[in-house]
1. Can you report the number of residues in region 211-231 which are of a type in the set (A, V, I, L, M, F, W, C), open to solvent by 100 Å² or more (accessible area, probe 1.4 Å) and out of contact with any Asp or Glu (no Cβ under 9 Å at 6 or more places or on another chain)?
2. Kindly indicate the residue of region 232-260 that is of a type outside the set (A, V, I, L, M, F, W, C) and in a loop (DSSP other than H, G, I, E, B) and also surrounded by the most Cβ atoms within 10 Å (Cβ to Cβ) among those meeting that condition.
3. Can you name the number of the only condition in (1) closer than 21 Å to Arg29 by Cα; (2) in contact with a strand residue (DSSP E or B) (Cβ under 6 Å, 6 or more places away or on another chain); (3) among the β-branched types (Val, Ile, Thr); (4) surrounded by fewer than 23 Cβ atoms within 10 Å (Cβ to Cβ) that Val175 fails?
4. If the requirement is being open to solvent by 10 Å² or more (accessible area, probe 1.4 Å) and among the small types (Gly, Ala, Ser), which of these qualifies: Ala38, Ala46, Ala28?
5. Residues in region 127-172 that are small (Gly, Ala, Ser), open to solvent by 30 Å² or more (accessible area, probe 1.4 Å) and outside any helix (DSSP H, G or I): how many?
6. Would you be able to tell me the number of residues in region 108-120 that are under 17 Å from Thr228 (Cβ atoms) and not in a loop (DSSP other than H, G, I, E, B)?
7. Determine which member of the set Val123, Val105 is in a helix (DSSP H, G or I) and within 20 Å of Gly160 (Cα to Cα).
Amino acid sequence: MKTGKKLILISNDDGYAAKGLSFLVDVARCFGNVIVVAPDGGRSGASLSISSANPVCIKRVRVDDGDGARGSLEVWSCTGTPDDCVKMAFENVCPRTPDLVLGGVNHGDNCAVNAHYSGTVGVAIEGCIKKVPSVAFSSGFTDEDADFSGMRPWVEKIVGHVLAKGLSEGTCLNVNCGKFDSFKGIRLCRMGMGEWREEWQKATHPHGWNYYWIAGYYEAYDGDDHATDTWAYNNGYVAVTPIQLDLTAYSAMSELSDLV
C-alpha cells in the first residue's frame, strides 16, 4: 500500500462483487488508497446487526498496487454483516485508522426512515461510531448492471469535501440519488417520514404449511415536503441528509420530568 495517501475504507450490503461498490471504488481511488471489506453476498436490510452467534471469516480476493494517479486497492470478502465488515476492517485489515469510511453505492434508495434498515447506512454509522468521517451512498437504480455514471461528479464532490473538511463528531451523511442520468444539484435535507405497508406476502408450501416473503410498498407521509430527502430524491436532486448517533429525544425530557 502506497504511503502518504489518504486511506479510504469501503463496504456495502449488496456484496463485494456488486457494481455499485465497484463504481464507488473507482471514484475513491482518485483520492487515495482503498480497502474494501464487504459481505460475500447480499445483506440488504442488515442495518447495524452483528454476527454475535456465529464465527466470521474473511478472504482477500483482489490486490492492485495502483499507479501515480490512482491509489492502491485491496478487496476482502467477509461472511458477516456490513457492520461486521467495518469492525473487522478497523481491527484486522486496515494498517491504520482510515481517513474516510464509505458505504455503497447501494442498488436501491435509502431515503427517509428506510435508513434505519439499511446495511449501507449502517456502514457509515459504524464508521461514525469510530470517529471517522463517513458517508453512505445509495441510488434508485436497482439492476445488477445499473449505470451509476450520472452520480460521478456528485460523489466526487462529496468525497472531496468530506476528506478536506471532515464532519462534526457524531454525524455522518446519508446520500440518495434518484433514477436520473443527470442531477440538478445537491439539496441538504431532513429525513422523510413514512412506513411500509402490506409487508408480508403469504404463500403455501406444497407440503401444506404457510410461509411469508417480506415485500410490500413504502408510503411516504411527507413526500410533497420540499425539505425532505424523499422529495429531493424524486425531483432530480442529490439528497444529502446529515444523520447523528445521538438518538436522544431532548424535546421529550420536559414532558417526562414528572417521572423523577
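1. 1
2. To start, the set of residues in region 232-260 that are of a type outside the set (A, V, I, L, M, F, W, C) comprises 233-237, 241-242, 244, 246, 248, 250-251, 254-255, 257-258.
When the remaining residues are screened for being in a loop (DSSP other than H, G, I, E, B), the result is 235-237, 246, 248, 254-255.
Working: Asn235: 13, Gly236: 16, Tyr237: 23, Asp246: 8, Thr248: 9, Ser254: 8, Glu255: 9.
Within region 232-260, the match that is surrounded by the most Cβ atoms within 10 Å (Cβ to Cβ) is Tyr237.
3. Result: Val175 fails condition (4) only.
4. Numbers: Ala38 fails: open to solvent by 10 Å² or more (accessible area, probe 1.4 Å); Ala28 fails: open to solvent by 10 Å² or more (accessible area, probe 1.4 Å).
Answer to the check: Ala46.
5. The initial filter retains those residues of region 127-172 that are small (Gly, Ala, Ser), namely 127, 134, 136, 138-140, 146, 149-150, 160, 164, 166, 168, 170.
Next, only the ones that are open to solvent by 30 Å² or more (accessible area, probe 1.4 Å) stay: 149, 164, 168.
Still in the running and outside any helix (DSSP H, G or I): 168.
Of the residues in region 127-172, 1 are small (Gly, Ala, Ser), open to solvent by 30 Å² or more (accessible area, probe 1.4 Å) and outside any helix (DSSP H, G or I).
6. Initial filter on region 108-120 (under 17 Å from Thr228 (Cβ atoms)): 109-116, 118.
If we keep only those that are not in a loop (DSSP other than H, G, I, E, B) as well, we get 112-116.
Residues in region 108-120 being under 17 Å from Thr228 (Cβ atoms) and not in a loop (DSSP other than H, G, I, E, B): 5 in total.
7. Values: Val105 fails: in a helix (DSSP H, G or I).
The conditions single out Val123.
The values are calculated or read from the model by the stated rules, or taken from the named source; none is laboratory data. Please read all numbers here as calculations on a predicted model, not as lab measurements. Quick reminder, even Gly has a Cβ in these numbers, built from the backbone with ideal geometry, and neighbours come from all protein chains shown. Please note that ligands, DNA and RNA were not included when accessible areas were found on the heavy atoms of the full protein model with its side chains. Shrake-Rupley method; radii C 1.70, N 1.55, O 1.52, S 1.80 Å.
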